[in-house]
1. Among (1) buried (at least 24 other Cβ atoms within 10 Å of the Cβ); (2) more than 22 Å from G105 (Cβ to Cβ), where does P134 come up short?
2. Any residue in segment 177-193 that's farther than 14 Å from C229 by Cβ: show its pairings with residues that are surrounded by 24 or more Cβ atoms within 10 Å (Cβ to Cβ) and among the hydroxyl-bearing types (S, T, Y) at Cβ separation under 7 Å, as long as the two are six or more apart or on different chains.
3. If we only count helices (runs of 4 or more DSSP H) wholly inside segment 30-128, which ones have 1 or more residues that are in contact with a helix residue (DSSP H, G or I) (Cβ under 8 Å, 6 or more places away or on another chain) and closer than 30 Å to S194 by Cβ?
4. Output yes when any residue across segment 222-229 is open to solvent by 30 Å² or more (accessible area, probe 1.4 Å), out of contact with any His (no Cβ under 6 Å at 6 or more places or on another chain) and farther than 29 Å from D161 by Cβ, and no when none is.
5. Could you list, in sequence order, all residues of segment 251-287 that are in contact with a strand residue (DSSP E or B) (Cβ under 7 Å, 6 or more places away or on another chain) and polar (S, T, N, Q)?
Amino acid sequence: MLVPVPRRHTLLAIAALALPAVLGACTLGSPAGPGTRRIDYGRHPSQFGELTLPAGPPRGVVVVVHGGFWRQRYGLELGRPLAADLVDAGFAAWNVEYRRVGGDGGWPATFEDVAAAVDLLAGPVQEAAGGQLPLDRVVAVGHSAGGHLGVWLAARPGLPDGAPGAAPAVRLRGVVSQAGVLDLADAEQRGVGSGAASDLLGGGPDEVPDRYALASPIARLPLGVPVVCVHGTADANVPIRQSERFVAAAGDAAELVTLPGADHFAVIDPATQAWRACRDGVERLLQ
């Protein structure tokens with residue numbers, strides 16, 4: 001069932017949200033927290049996720065999808081601080097890794113991987129959780145390229161038969177996109193990520209239009225579930241235009257939360273109001 005999300009532009013008065021240089025060291029090197037269990041969904045070294053459960057019955061399940069322009073140099077360690085904060089708030093966190101460009105990823109492997117990781121919730125992940133996971137209350141939180149993948153995961157029920165990710169075993173109830181790349185054709189045409197979209201899909205929109213039609217979230221509208229797009233006005237990596245275009249196309253099924261002065265990385269620092277806006281989005285999706 002579609003949970004209505006008001007189409008509004010929410011302005012948060014946030015000052016000094018740029019991350020300090022030291023965040024790279026503490027975030028990129030964050031180890032898995034205590035009680036976190038690694039579960040593989042394939043044989044490739046990048047085909048696994050990390051499950052962390054709260055102290056009591058989970059209020060919902062949050063799939064955390066890290067960013068990094070789909071490139072191999074960035075991994076799920078980026079999502080560990082977010083997963084820990086979500087668990088503290090009572091959610092089960094499923095922080096997923098996937099094959100990336102430069103590490104056997106790209107089209108269709110990256111898409112097949114995140115789809116398989118989510119579907120694993122209905123099998124081995126649920127078993128590892130002792131049957132506690134409420135699989136009717138699953139949302140995704142994704143940053144940058146992970147925002148793209150999170151929203152694409154929500155679009156899986158509408159994919160044609162035979163497409164990568166079609167016929168999902170687990171359906172998302174909604175997505176929080178953190179500075180997501182939601183219009184791949186526009187991103188490629190404007191040089192977002194220095195050709196990251198064409199690297200992911202094996203060509204530009206004029207070369208492989210069928211792939212863009214299947215892979216770009218804006219091309220898969222309507223999704224049938226709500227999306228909360230959280231984006232900083234000072235984002236130099238993924239311009240806020242990406243979220244604005246998606247929300248305008250999605251209408252009442254999407255919400256834009258605008259973060260004045262926030263850069264690309266503020267939304268993945270649990271100490272910031274920018275991240276709290278993302279966590280609040282999770283709360284709204286699971287009301």
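The values are calculated or read from the model by the stated rules, or taken from the named source; none is laboratory data. Keep in mind it's a predicted model, so treat the numbers as computed, not measured. Cβ placement follows ideal geometry from the backbone for every residue including glycine, while neighbour counts extend to all protein chains displayed. Surface areas here come from the heavy atoms of the whole protein model, side chains and all, with no ligands, DNA or RNA. Shrake-Rupley method; radii C 1.70, N 1.55, O 1.52, S 1.80 Å.
1. So the condition that P134 fails would be (1).
2. Listed by first residue and then by second, the contacts come to L184/S216; A185/S216.
3. 80-88, 109-119
4. No: segment 222-229 contains no residue that is open to solvent by 30 Å² or more (accessible area, probe 1.4 Å), out of contact with any His (no Cβ under 6 Å at 6 or more places or on another chain) and farther than 29 Å from D161 by Cβ.
5. T258
Residue by residue, here is whether (1) assigned to a helix (DSSP H, G or I); (2) over 20 Å from G67 (Cα atoms) holds:
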| site | (1), (2) |
| --- | --- |
| D186 | yes, no |
| G193 | no, no |
| G204 | no, yes |
| Y212 | yes, no |
| L223 | no, yes |
| E244 | yes, no |
| A249 | yes, yes |
| H264 | no, no |
